[in-house]
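**Q** Shown below is the structure under consideration.
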Amino acid sequence: MTTEVLPDRRRAAARHVWVPRQHGAWAMLLVPFLLGVAASRPSAWQLVLAVAALAGYLASATVQAWARARRPREYRTPLLVYGVVFGALGTLLVVVFPALLLSLVVVIPTEIAVLQGARPGTPRDLANSVAQVAQALVLVPAAAYVSGEVDGERIVAYTGVAAAYLGGTVLVVRSVLRERGNERFAALSVGFHVVVTALALWLLPIAYVVLGVALTARAVALPVVQRRRSSGPRPLRPIHVGMVEIGASIAVVVVSFAFPI
């Protein structure tokens, strides 16, 4: 039995060297990118941007894992591969679309904050998550810009939708994981969603208000479910929270494409 389990563990460890365990980051990449497409029109350059953004995220996440794991050698190859891909595609994009360099105003300081939070023994605090959200939001205007169809008002609106969703997700997920049992934090999460829904009622089509109400309901329900199931045989686990957030991400993207702003 041991000889069967150890190779599986080695394969899993090798996989995690290449693929980070931060599952929520995929939505943090996809949602703003797709909202950037919704704010403009589909373009082949957006695919180049998507691959560059993915490589950049994987490089950053690998650096963080490398730092937390006390710099083992097995991370060197993934870092080299992701760094080369990001560097090559990033250079191509900047040559064709020089205004993308403006994104560095956001990306550089937030990346410094994220990497500082990756030091061994450093907890992943709320500020670290907010920095990651800020980085991801750059994808909305970037995806719209490389399409060749730039509508400033639509870009601002869709960036706001992405910010509201991702910011709310950070609060909701934290309220049932790292801050579970913290009623004040759960109230902060719910209050944030109430304010966002009110803003949607004022500024956006009714579909976004309905979406805001649904997201607020999940912000209320998850901490309640977590408390009720905490002492039972089936506690609320990260995978359950992740499944809820997958549904929420899909809803945000569908509404954004179905009901243009």
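The values are calculated or read from the model by the stated rules, or taken from the named source; none is laboratory data. Treat the numbers as computed from the prediction; the structure is a model and nothing was measured. Counting neighbours? That spans all protein chains shown, and the Cβs are built from the backbone with ideal geometry, glycine included. In case anyone asks, the SASA skips ligands and DNA or RNA and just uses the protein heavy atoms, side chains included. Shrake-Rupley method; radii C 1.70, N 1.55, O 1.52, S 1.80 Å.
**Q** Using alpha-carbon positions, what is the distance between the centroids of the stretch 26-104 and the stretch 189-230, in Å?
**A** The stretch 26-104 and the stretch 189-230 have Cα centres separated by 30 Å.
**Q** Another question, then. Under a plain spin-label model, where a point goes 7 Å from the Cα along Cα-to-Cβ, how far apart in nm are residue 19 and residue 113?
**A** 3.0 nm
**Q** Expressed in nm², what is the orientationally averaged projection area of the convex hull enclosing the Cα positions of the stretch 152-198?
**A** Average projection, Cα convex hull of the stretch 152-198: 3.2 nm².
**Q** Leaving ligands, DNA and RNA out of it, work out the accessible area of residue 254 with a 1.4 Å probe and give it in Å² to the nearest 10.
**A** Surface open to solvent at residue 254 totals about 80 Å².
**Q** When the accessible area of the stretch 58-198 is split by element with a 1.4 Å probe, what percent falls to carbon and sulfur?
**A** Carbon with sulfur: 67 percent of the solvent-accessible area.
**Q** Once the convex hull of the C-alpha atoms of the stretch 40-130 is built, how many Å³ does it hold per residue, rounded to a whole number? Could the numbers behind the result be given before it?
**A** Values: hull volume 9.1 nm³, N = 91.
So the per-residue hull volume is 100 Å³.
**Q** Sticking with this structure for a sec: Report, as a whole number in µm² per second, the diffusion coefficient that Stokes-Einstein gives for the stretch 35-76 at 20 °C and 1.002 mPa s using the Kirkwood radius over alpha carbon pairs. List each step's numbers first, then the result.
**A** Details: Rh = 12.2 Å.
Translational diffusion coefficient: 176 µm²/s.
**Q** State whether the stretch 190-261 is rounded, prolate or oblate according to the following rule on the C-alpha gyration tensor (a ≥ b ≥ c being the square roots of its eigenvalues): a/c under 1.5 gives rounded; otherwise a/b larger than b/c gives prolate, and the remaining case gives oblate.
**A** It is oblate, given that a/c is not under 1.5 and a/b is not larger than b/c.
**Q** Decide, for the stretch 185-231, between rounded, prolate and oblate: order the square roots of the alpha carbon gyration tensor eigenvalues as a ≥ b ≥ c, take rounded if a/c falls under 1.5, and otherwise choose prolate if a/b is larger than b/c, else oblate. Let's see the in-between values first.
**A** Working: a/c = 6.60, a/b = 2.37, b/c = 2.78.
Cα axes put the stretch 185-231 in the oblate bin.
**Q** First compute the accessible area of the stretch 200-261 with a 1.4 Å probe, then give the percent of it belonging to carbon and sulfur atoms. Could the numbers behind the result be given before it?
**A** On the way: 2750 of 3760 Å².
Solvent-exposed carbon and sulfur of the stretch 200-261 make up 73 percent of the total.
**Q** Hey, what's the chain come to in accessible area per residue, 1.4 Å probe, Å²?
**A** Value returned for the chain: 55 Å² of accessible area per residue.
**Q** Hey, what number do you get for the chain at 222 nm if only DSSP H runs of n ≥ 4 count, each worth -39500 (n - 2.57), divided across all residues, to the nearest 500?
**A** -26500 deg cm²/dmol
**Q** Okay, next question. Let's test the formula: R0 of 45 Å, r as the Cβ-Cβ distance of residue 178 and residue 51. What FRET efficiency results, to the nearest 0.05?
**A** Efficiency, rounded to the nearest 0.05: 0.90.
**Q** Accessible area of residue 108, 1.4 Å probe, to the nearest 10 Å²?
**A** Around 90 Å² of this residue is reachable by solvent.
**Q** So how far apart, in nm, are the two label points at residue 259 and residue 224 if each is 7 Å from Cα heading toward Cβ?
**A** 2.3 nm
**Q** Mean Kyte-Doolittle of at least -1.0 plus a Cα span of 24 Å or more along the axis: flag which DSSP H helices in the chain meet both, please. Display every interim value, and only then the final one.
**A** On the way: long enough: 2-18 (25 Å, -0.85); 44-68 (37 Å, 1.10); 76-96 (30 Å, 1.85); 152-176 (36 Å, 1.02); 183-203 (30 Å, 1.47); 206-229 (34 Å, 1.03); 238-258 (30 Å, 1.81).
Flagged H segments are 2-18, 44-68, 76-96, 152-176, 183-203, 206-229, 238-258.
**Q** Sort the chain into rounded, prolate or oblate with this rule: let a ≥ b ≥ c be the square roots of the eigenvalues of the Cα gyration tensor; rounded if a/c is under 1.5, and if a/c is not under 1.5, prolate when a/b is larger than b/c, oblate otherwise.
**A** Values: a/c = 1.87, a/b = 1.04, b/c = 1.81.
Here the chain falls in the oblate category.
**Q** If exposed trypsin sites (Lys or Arg not before Pro) are those in a DSSP loop with at most 16 other Cβ within 10 Å, what is the longest stretch of the chain that has none?
**A** So the longest stretch without any such site is 179-261.
**Q** Next up: Based on Cα coordinates alone, diagonalise the gyration tensor for the stretch 81-225, multiply each eigenvalue by 5, take square roots, and list the semi-axes in whole Å, largest first.
**A** Values for the stretch 81-225, descending: 30, 23, 10 Å.
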